[in-house]
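Everything below concerns the one structure shown next.
Throughout, read-outs are computed from the coordinates displayed, never taken from laboratory work. What you see is a predicted model, and the numbers here were worked out from it, not measured in a lab. Please note: Cβ atoms are built from the backbone with ideal geometry, for glycine as well, and neighbour counts cover all protein chains shown.
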Amino acid sequence: MVSVALRSVSKVWDETVALKALDLDVHEGEFLVLLGPSGCGKSTTMRIIAGLESATSGQVLLDGQDVTNQPPRDRNVAMVFQNYALYPHMTVEENIGYPLRIAGVRKPDRAAHIRKAAERVDLLDLLRRRPKQLSGGQRQRVALARALVRDPSVFLLDEPLSNLDAKLRVAMRAEIKHLQRQLGVTTIYVTHDQIEAMTLADRVVVMNKGEMQQIGTPDDIYDDAENLFVAGFIGSPPMNFIEGAVEAGTFASDGVRVQGAPGHDGSVTLGFRAEDARLADGTGMIAGHVFDVEPTGDATLIVVQIGSNRATFRADKRTRPTIGDPIAFDVPPGEVRYFDTATGQRIRA
Ligand SMILES: Nc1ncnc2c1ncn2[C@@H]1O[C@H](COP(=O)(O)OP(=O)(O)O)[C@@H](O)[C@H]1O
Ligand SMILES: [Mg+2]
């Protein structure tokens with residue numbers, strides 16, 4: 001098992017700054033997920049680790065060794081891409097064996113490795129087929145087997161499930177996680193899907209505009225966001241935000257009054273999650289009018305207009321308030337988050 005480290009890695013293309021001095025330590029055997037919106041620098045980070053792209057500045061270390069100037073073939077890092085990049089004219093067997101062929105392994109010696117990799121992803125029956133005779137999920141398995149065939153010390157997966165339909169994505173997610181645990185190989189996985197990130201990762205790195213916003217376990221990221229970007233990116237529905245002001249320890253906004261606000265006076269955004277709010281009878285901490293009622297099957301999401309803000313509350317599935325009616329909620333003080341509206345940074349007690 002191998003650790004991966006980035007030391008102040010930057011990447012600039014002409015005018016575009018894709019990465020700004022990124023520092024990252026991926027532990028041996030860890031499943032690390034890079035999460036962020038399109039264009040935030042996830043693929044660039046992966047390509048720099050694989051050696052497919054050079055960093056403008058900074059270092060890449062594998063097990064403490066500086067590999068910044070080493071070509072991809074000397075890194076023993078395998079990468080799986082979103083579009084699988086399979087060779088259409090080759091069989092499954094030839095596709096899986098391709099990295100060995102390139103590395104100069106002779107045909108008789110390749111067979112056993114190919115079978116082992118194919119077996120791991122349940123492809124033994126399909127070795128003679130060509131990619132166009134396979135389903136999306138099977139193609140994805142071929143791409144995984146091709147990445148596994150050389151026993152890589154680091155496994156890089158760049159949005160490997162994006163081309164699959166929702167149901168298959170969930171099934172493949174479990175398989176990838178299972179496979180990673182079995183192999184124990186250090187894995188970096190890129191996605192823009194926060195559910196995928198939360199379910200797969202030992203730790204998640206949330207990125208935006210070429211910068212790391214936060215790194216932590218899925219629980220850390222969900223419960224203890226460092227800033228408005230992370231709080232608003234994670235969770236479905238994302239965290240509710242109410243813009244207001246703090247004066248002498250009281251947060252106030254149209255329809256909202258909360259005592260015990262930390263920090264000094266000024267413009268503050270209050271945050272809370274849909275599932276942490278409880279319906280209040282009569283007056284509550286948060287008062288507004290029902291804007292929309294969204295049954296999800298297991299619960300009811302109630303969208304409430306609160307002054308000029310709108311927030312989503314999760315209630316029991318039998319709760320079905322009338323649109324337009326007044327409604328009030330309480331949120332336990334421990335579940336309320338405060339952010340500096342100007343900088344977006346969390347204000348802690
Ligand atoms: N080859 C390239 N030439 C110029 N700009 C690029 C190139 N590759 C990526 N970029 C830019 O770098 C930024 C980060 O891209 P990328 O790492 O692909 O983001 P992500 O994978 O998070 O969607 C984007 O603004 C993108 O347009
Ligand atoms: Mg990308």
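One Cα centroid belongs to the range 285-331, the other to the range 60-103; the line between them spans 51 Å. The ellipsoid that matches the Cα gyration tensor of the range 239-347 has semi-axes, each √(5λ) in whole angstrom, of 25, 13, 12, with the longest given first.
Give me the Kirkwood hydrodynamic radius of the range 58-188 in Å, from all C-alpha pairs, to one decimal place? It works out to 15.3 Å. Rounded to the nearest 20 debye, the dipole size of the chain about its Cα centre is 1940 debye, using +1 on the Cβ of Lys and Arg and -1 on the Cβ of Asp and Glu. Multiplying the residue separation of A349 and A85 by 0.36 nm and removing their Cα-Cα distance gives an extension gain of 90.0 nm.
Enumerate the residues in the range 185-211 having an amide nitrogen under 16 Å from the point lying 7 Å beyond the Cα of D63 toward its Cβ. Correct set: 185-187.
Computing Rg and the Kirkwood Rh from the Cα coordinates of the chain gives a ratio, Rg/Rh, of 1.07.
Taking every alpha-carbon pair under 8 Å whose residues sit at least 6 apart, the chain reaches a relative contact order of 15 percent. The dipole here belongs to the range 239-347: it is taken about the Cα centre, uses +1 on the Cβ of Lys and Arg and -1 on the Cβ of Asp and Glu, and is about 180 debye. The lysine pair tally for the chain, using Cα distances under 19 Å and a gap of 8 or more places or different chains, is 9.
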